[in-house]
1. Using the structure shown, decide if Ala62 is over 30 Å from Leu174 (Cα atoms) and modelled with pLDDT under 95.
2. Are any of the residues in the stretch 23-32 farther than 26 Å from Leu189 by Cα and out of contact with any Ser or Thr (no Cβ under 6 Å at 6 or more places or on another chain)?
3. Quickly run through the stretch 24-51 and pick out the residues that are free of Cβ contacts under 8 Å to residues at least 24 places away in the same chain and over 31 Å from the mean Cα position of the chain (by Cα).
4. Does the stretch 155-165 contain any residue that is at pLDDT 60 or above and surrounded by 12 or more Cβ atoms within 10 Å (Cβ to Cβ)?
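The values are calculated or read from the model by the stated rules, or taken from the named source; none is laboratory data. On a predicted model such as this, the values are computed, not experimentally measured, just so you know. Positions of Cβ are generated from backbone atoms using ideal geometry, with glycine treated the same way; all protein chains shown enter the neighbour counts.
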Amino acid sequence: MLISSWDDVVKHYPDVASRADQPEVDAIREYLKSGGIIKTDDSAKEFRIVYPTKKMVEDRIAALRRQRTYFLKEINKLRSLERDFTPIRLAFDPLYIAHNVRMLADRKYREEFRRLGFSWEHFLDPKTRKIIKQFMDDPDYRSRVLQALDESPVYRTRKFGTISEAARTTRRELINKKLEVLQKRVRDLEKQITVLNLLKRWM
């Protein structure tokens, strides 16, 4: 018998439908709800699924597990981007060390750098690292940046580093949104895997 909805189960197998609170019975309902179709053995006295076959279900489970593994790897990649690195890492960073030496030894540089509004976190961002390095090594570049701070209406109310931090915040928000999407995909896959494993009990 071909069954394409839970109503079919209720009509033709009321004894099974009456146990809808049991996980293996609920799995039938979830499978049909997701668009699945099953065929039962008409010659059997009890409810028995002959389609999809056990092998088909196991192959599907294997495919879903591969997808789950892929998405979990993507989640780990995003989490590594989202994670704030500890300042301890900077203790061995040549740029950060050179900067701090310069901050101690050069009062003019110290005052000019503070105008940027950068924090230690900016030393971990590849984009702002380039700015910091050039600011430290190139006096002409430093003068142009300071001039921009004085003349640009944008920087009159917001420090250079604040705008950079805003961009970093936006990036974090995008990462978090991607994480939410991927985590939902993983939850959906895990639910499908559970349903299919329970469905095998009827085969």
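1. Spelling it out, it is not the case that Ala62 is over 30 Å from Leu174 (Cα atoms) and modelled with pLDDT under 95.
2. We begin by selecting, within the stretch 23-32, every residue farther than 26 Å from Leu189 by Cα; these are none.
No, there is no match, as no residue in the stretch 23-32 is farther than 26 Å from Leu189 by Cα and out of contact with any Ser or Thr (no Cβ under 6 Å at 6 or more places or on another chain).
3. Matches in the stretch 24-51: Val25, Asp41, Ser43, Ala44, Lys45, Glu46, Tyr51.
4. Looking through the stretch 155-165, none of the residues is at pLDDT 60 or above and surrounded by 12 or more Cβ atoms within 10 Å (Cβ to Cβ).
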